[in-house]
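Asker: Would you mind keeping the following structure in view while I ask a few things?
The values are calculated or read from the model by the stated rules, or taken from the named source; none is laboratory data. Owing to the predicted nature of the structure, the values given are computational and were not obtained by experimental measurement. All Cβ positions, glycine included, derive from the backbone under ideal geometry; neighbour counts span all protein chains shown.
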Amino acid sequence: MTENEAGIYVTIVSEQGERDVANARIMDDDLWLPVDALPEALGWTLKPEGLCREAVCIPLPRGHEDSYAANGFVNASAFWRLTDRCATRSAAGDIWVFGANARERAGALLSLEAPDFTLPDLSGRMHSLSDYRGRKIYLVTWASW
């Protein structure tokens, strides 16, 4: 990675939520994020031992460290592939979605509990799924597309 690639503004969608990141770079279909944007965007931090999240650290492959971290940037999409997670982007490269791996998704399905979310009813009053925990509910969804 060279210093003169122009930074762009991207939106990251992950389990951390939706985050806007300035000064990101796309090179060879990979997304490079500034090191200081990585924790908020994806929940990982670059440390000498590798990329870390809480007590878990994943070392960068020996001899290929520059393919994952260089010049104050981290190759987020390459790291995601390294950890068997899926990442995809819009055609323009301005929106990136980082998903969980199959093992994480399978673990979440074992509980048979839907993740909490909050939506308005037809009157605009907000309802959270957690408000109905322990009760059976019937949820109807619709989309115009």
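Asker: If you check Ala87, Ala100, Ala92, which single one turns out to be loosely packed, with under 11 Cβ neighbours inside 10 Å and either under 16 Å from Arg53 (Cβ atoms) or not β-branched (Val, Ile, Thr) (or both)?
Answerer: Details: Ala87 fails: loosely packed, with under 11 Cβ neighbours inside 10 Å; Ala100 fails: loosely packed, with under 11 Cβ neighbours inside 10 Å.
Residue meeting the stated conditions: Ala92.
Asker: Would you mind stating whether Arg62 is under 17 Å from the mean Cα position of the chain (by Cα) and either of a type outside the set (Val, Ile, Thr) or not in a helix (DSSP H, G or I) (or both)?
Answerer: no
Asker: When you go through (1) surrounded by 10 or more Cβ atoms within 10 Å (Cβ to Cβ); (2) at pLDDT below 85 one by one for Ser111, which number turns out not to apply?
Answerer: It fails just one condition, (1).
Asker: Does at least one position in the range 132-141 carry a residue that is surrounded by fewer than 10 Cβ atoms within 10 Å (Cβ to Cβ) and not in a loop (DSSP other than H, G, I, E, B)?
Answerer: no
Asker: With (1) part of a loop (DSSP other than H, G, I, E, B); (2) touching a Lys or Arg at 6+ places or on another chain (Cβ under 9 Å) as the list, and Arg85 as the residue in question, which single condition is left unmet?
Answerer: Exception for Arg85: condition (2).
Asker: Of the residues that sit in the range 36-59 and are part of a strand (DSSP E or B) and in contact with a Pro (Cβ under 8 Å, 6 or more places away or on another chain), which one is farthest from Ala87 (Cα to Cα)?
Answerer: Filtering the range 36-59 for residues that are part of a strand (DSSP E or B) and in contact with a Pro (Cβ under 8 Å, 6 or more places away or on another chain), the one farthest from Ala87 (Cα to Cα) comes out as Gly50.
Asker: Please find, among Ala92, Ala100, Ala78, the residue that is within 20 Å of Pro34 (Cα to Cα) and in a loop (DSSP other than H, G, I, E, B).
Answerer: Ala92
Asker: Quick check: anything in the range 41-61 aromatic (Phe, Trp, Tyr) and closer than 30 Å to Thr118 by Cβ?
Answerer: Yes - at least one qualifying residue is present in the range 41-61.
Asker: Same structure, new question: Condition first: in contact (Cβ under 8 Å) with a residue 60 or more places away in the chain and aromatic (Phe, Trp, Tyr). Can you find one or more residues in the range 88-99 that meet it?
Answerer: The answer is yes, given that some residue of the range 88-99 is in contact (Cβ under 8 Å) with a residue 60 or more places away in the chain and aromatic (Phe, Trp, Tyr).
Asker: (1) in contact with a helix residue (DSSP H, G or I) (Cβ under 8 Å, 6 or more places away or on another chain); (2) over 20 Å from Arg103 (Cβ atoms); (3) free of Cβ contacts under 8 Å to residues at least 24 places away in the same chain; (4) loosely packed, with under 15 Cβ neighbours inside 10 Å: which one isn't true of Asp29, the others all being true?
Answerer: (3)
Asker: Does the range 12-20 include one or more residues that are in a loop (DSSP other than H, G, I, E, B) and on the phi > 0 side of the Ramachandran plot?
Answerer: no
Asker: Considering the range 107-123 alone, what residues qualify as being more than 16 Å from Val140 (Cα to Cα) and of a type in the set (Gly, Ala, Ser)?
Answerer: Answer for the range 107-123, where residues must be more than 16 Å from Val140 (Cα to Cα) and of a type in the set (Gly, Ala, Ser): Gly107, Ala108, Ser111.
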